[in-house]
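Okay, structure first, notes after.
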Amino acid sequence: MSTDEESGGHGTYLDRVRGLSEPPLWVVGLILVALVLLPIWLGPFWTRIALGALMWIGLAQSWNMIGGYAGYLDFGHGAYFGVGALVTGIGMNTLGYPFLGGFALAGVVGAVLAYVIAVPTLRLRGAYFAIATWAFAEATKQLALVLDITGGTFGMSLPTGEGTIGLPIPGGPSETFFYYAMLVLAVGTVTLAYVLFERREFGYRVKALRDNQDAAEALGIDTTRVKRQVYVLSCVIAALFGSVHAFFITFIHPTDVLAAIVTDQMVIMALLGGLGTITGPILGGIAVFLLQRLSSLFLGQTTFYLPLIGGIIMLVVLFAPSGIVGILRGETTSTDVRTNLRELADRFQFR
Amino acid sequence: MVDVGLLLQTVINGLLLGGIYVSIGVGFSLAFGVLEVIDFAVGEYVMLGAFAGALLAPTFGSEGVFVIPLVFLAFFGVGFLIQPFIHHVTSGDRPMPVLMGLVFTFGLAIFVRGSVLTLFGPNNRNVPSDLLVGGVTIPGIGIFPTVRVVTAAVGVFALAVFMYYLYNTRGGMAIRAIAEDRTNARLMGININRYQSIAYGAYAGMTATAGVFIGLIFTANPGMGLQYTAFAFFMVVLAGLGYLPGVIVSGVVLGLAQSLTAVYWSGEVVLFVLFALIYVVLLVSPSGILGKGGEHAS
């Protein structure tokens with residue numbers, strides 16, 4: 001990389017892409033106020049789009065915690081989203097809980113499951129971890145499809161028109177209600193990620209673990225413990241988003257909420273925005289979500305965004321591994337792309 | 001009482017299926033050996049092969065068998081040209097090369113699956129064949145579909161040719177040397193680009209050819225790839241990453257497991273059993289149940 005001189009050539013590459021220089025507090029405040037006021041100006045349709053974008057920003061940020069900050073490529077993260085959705089449905093249908101009960105249950109079940117999975121799985125590294133988490137997610141989906149309690153292949157409808165804490169919401173849960181629910185969750189997730197990973201010692205431990213696990217161990221960091229904490233935290237967040245999502249769409253099916261594409265999208269959003277940064281998943285989340293919604297809206301093609309997304313992943317990995325954030329910070333310039341292209345052309349010399 | 005006839009028939013059917021799985025697993029294992037990247041797109045080559053069979057067969061007088069050499073050559077070319085991209089992502093001064101390689105093939109898989117889905121729709125297609133109809137009767141046991149017998153025979157034949165190339169020619173030696181140690185192989189004057197591309201091309205060609213046969217036996221649809229990615233992972237995880245002889249055993253185990261579970265339990269749980277097994281085997285013994293896999297994927 002040609003930026004080695006600027007950064008002194010020290011530190012790993014990901015350190016250099018840590019985040020955009022932090023925007024001043026008043027800008028953040030302004031954005032927050034705008035987000036709170038947004039549903040007043042937008043109609044129900046665009047509010048729906050906005051709440052979807054908020055959900056994906058939060059999910060991408062949760063994946064970024066384990067994938068970007070800790071460097072563990074979790075290809076089964078979507079399982080927790082699905083489990084959160086299904087557990088909420090089971091809580092409301094089978095156990096008769098109000099939504100908040102189901103929401104809390106989703107968090108608890110997500111945490112316990114994540115811990116149980118974390119203990120053996122996090123011993124694996126690299127590709128082994130990726131395959132294992134992927135197999136875990138697919139096994140979860142197949143299990144949900146044959147069980148009765150999840151509705152099996154029939155799916156499950158959630159009670160509608162009920163209140164969150166047993167008390168009815170005026171006018172029933174609406175787009176606006178869910179917009180604010182997602183807003184609180186997404187802002188909470190981003191704030192938590194910022195404080196934990198950029199402002200606390202915890203963040204340095206996690207990054208040390210990512211950059212060199214053995215060295216981190218030698219420095220006295222209990223890497224096993226740190227890995228588990230990050231994994232459980234990120235999984236619980238995914239489960240909570242799944243819970244609100246289930247209450248919002250009111251009909252859930254294992255092949256939808258546990259689909260591999262849920263994980264795929266989280267990975268892509270974090271990667272496209274910039275791994276291991278706070279702003280990356282936000283920018284990537286908005287970009288990919290809008291790409292998906294707008295392509296299905298204007299092209300009338302619901303599957304066209306798949307090759308688009310796949311193509312984007314390949315291009316990002318090839319030419320801009322630090323994502324949108326890297327481009328904005330000038331780490332991926334046209335010179336870098338040219339160097340990359342020249343190196344790539346060299347690989348085609350077969351003689 | 002166990003019906004001995006049915007049991008025998010199921011076991012033989014499983015062995016016949018195992019033959020074709022072995023050729024997928026061996027190619028996949030080799031691709032991992034030379035590129036040190038787990039190819040998430042493996043199932044998509046199977047899907048593309050089956051699809052190519054279904055689309056091209058009508059131009060060959062509705063005979064899927066004639067498509068096979070064409071598919072092998074075409075996908076050899078495709079793999080040959082894709083390899084430099086993967087190699088580029090996993091080498092040089094890039095950070096987290098293994099993870100970037102994984103994500104790249106992951107993107108490739110989504111791209112291929114999405115393109116086929118968008119271009120041809122989600123429907124099932126058949127690979128027609130008039131040559132491979134009817135059955136082969138084994139007296140006292142039962143009748144076996146010709147398709148399956150030929151599939152297994154071709155799988156074994158492809159494997160034999162491939163192993164001959166790998167162990168008895170200079171090119172095969174170069175590929176094995178690269179799998180052993182890329183840097184040293186380069187120092188010995190081996191053109192890494194060429195032989196890695198040949199290996200990846202052979203893998204893509206073999207896998208797509210296996211896909212045509214799978215299309216002949218079952219059906220072709222854009223979503224089928226995921227299942228075969230799982231099968232390939234299952235085989236190499238069971239065998240140990242990069243350990244070729246182990247793949248032969250685990251391919252047969254996979255064929256048997258699939259046909260026995262479908263006959264004696266339920267077709268619905270096959271995938272659950274498989275995924276659960278991959279997960280457990282990875283945890284208990286990451287170097288495979290035979291304990292001979294490489295550990296350099298971390």
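Observations
- The residues of the range B:215-240 that are over 16 Å from residue B:121 (Cβ atoms) and assigned to a loop (DSSP other than H, G, I, E, B), listed by number, are B:218, B:240.
Conditions tested, residue by residue: (1) under 30 Å from residue B:5 (Cα atoms); (2) part of a strand (DSSP E or B); (3) within 14 Å of chain A (Cβ to nearest Cβ).
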{"residue": "B:137", "(1), (2), (3)": "yes, yes, no"}
{"residue": "B:150", "(1), (2), (3)": "yes, no, no"}
{"residue": "B:153", "(1), (2), (3)": "yes, no, no"}
{"residue": "B:165", "(1), (2), (3)": "no, no, no"}
{"residue": "B:172", "(1), (2), (3)": "no, no, no"}
{"residue": "B:177", "(1), (2), (3)": "no, no, no"}
{"residue": "B:196", "(1), (2), (3)": "no, no, yes"}
{"residue": "B:208", "(1), (2), (3)": "no, no, no"}
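- The residues of the range B:112-135 that are open to solvent by less than 50 Å² (accessible area, probe 1.4 Å) and within 14 Å of chain A (Cβ to nearest Cβ), listed by number, are B:112, B:114, B:115, B:116, B:117, B:118, B:121.
- Of the residues making up the range B:42-82, those that are modelled with pLDDT of 90 or more, among the β-branched types (Val, Ile, Thr) and open to solvent by 10 Å² or more (accessible area, probe 1.4 Å) number 3.
- Among the residues making up the range B:77-111, those that are facing another protein chain (nearest Cβ under 8 Å) and assigned to a loop (DSSP other than H, G, I, E, B) are B:92, B:93, B:94, B:95, B:96.
- Here B:228, B:195, B:203 are screened, and the one residue that is touching a Gly at 6+ places or on another chain (Cβ under 6 Å) and under 12 Å from residue B:30 (Cβ atoms) is B:203.
- Residue check for residue B:18: more than 14 Å from chain A (Cβ to nearest Cβ), buried (at least 18 other Cβ atoms within 10 Å of the Cβ), in contact with a Phe, Trp or Tyr (Cβ under 7 Å, 6 or more places away or on another chain) and within 22 Å of residue B:162 (Cα to Cα): no
- Selection status of residue A:239, modelled with pLDDT of 90 or more, more than 19 Å from residue A:277 (Cα to Cα), within 14 Å of chain B (Cβ to nearest Cβ) and under 24 Å from the mean Cα position of the chain (by Cα): no
- Of residues in the range A:64-104 being among the small types (Gly, Ala, Ser) and out of contact with any helix residue (DSSP H, G or I) (no Cβ under 7 Å at 6 or more places or on another chain), the one modelled with the highest pLDDT: A:104
- Residue A:232 vs. criteria closer than 30 Å to residue A:159 by Cβ and either touching a Lys or Arg at 6+ places or on another chain (Cβ under 9 Å) or modelled with pLDDT of 90 or more (or both): yes
Residues checked against (1) open to solvent by less than 50 Å² (accessible area, probe 1.4 Å); (2) more than 19 Å from the chain's Cα centre (by Cα); (3) modelled with pLDDT under 85:
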| residue | (1), (2), (3) |
| --- | --- |
| B:108 | yes, no, no |
| B:144 | yes, yes, yes |
| B:168 | no, yes, no |
| B:179 | yes, no, no |
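- Taking the range A:141-159 as the range and being open to solvent by 30 Å² or more (accessible area, probe 1.4 Å), within 14 Å of chain B (Cβ to nearest Cβ) and among the polar types (S, T, N, Q) as the test, only A:153 passes.
- Test for residue A:234: is it of a type in the set (S, T, N, Q), farther than 23 Å from residue A:275 by Cα and in a helix (DSSP H, G or I): no
- Some residue of the range B:267-274 being of a type in the set (Phe, Trp, Tyr), surrounded by fewer than 24 Cβ atoms within 10 Å (Cβ to Cβ) and touching a helix residue (DSSP H, G or I) at 6+ places or on another chain (Cβ under 7 Å): yes
- Restricting the range A:277-302 to residues that are within 13 Å of chain B (Cβ to nearest Cβ) and surrounded by fewer than 19 Cβ atoms within 10 Å (Cβ to Cβ), the residue that is nearest to residue A:69 (Cα to Cα): A:291
- The criterion of at least 3 residues that are within 13 Å of another protein chain (Cβ to nearest Cβ) and on the phi < 0 side of the Ramachandran plot is met, among helices (runs of 4 or more DSSP H) falling completely within the range A:24-139, by A:99-121.
- Breaking point among (1) more than 30 Å from residue B:85 (Cβ to Cβ); (2) away from chain B (no Cβ under 14 Å); (3) of a type in the set (Val, Ile, Thr), for residue A:255: (2)
- Pairs where the first residue, in the range B:52-77, is more than 14 Å from residue B:215 (Cα to Cα) and the second is open to solvent by 70 Å² or more (accessible area, probe 1.4 Å), C-beta under 8 Å, 6+ apart: B:60/B:66
- Residue tally, condition within 24 Å of residue B:152 (Cα to Cα), in a helix (DSSP H, G or I) and either open to solvent by 10 Å² or more (accessible area, probe 1.4 Å) or among the small types (Gly, Ala, Ser) (or both), over the range B:23-41: 6
- Filtered residue count, the range A:319-338, keeping only those that are surrounded by fewer than 19 Cβ atoms within 10 Å (Cβ to Cβ) and within 12 Å of chain B (Cβ to nearest Cβ): 1
The values are calculated or read from the model by the stated rules, or taken from the named source; none is laboratory data. Keep in mind that what you see is a predicted model, and the values were worked out from it rather than measured. Every residue, glycine among them, receives a Cβ derived from its backbone with ideal geometry; neighbour counts consider all protein chains shown. Remember, those area values only see protein heavy atoms, side chains included, never the ligands or the DNA or RNA. Shrake-Rupley method; radii C 1.70, N 1.55, O 1.52, S 1.80 Å.
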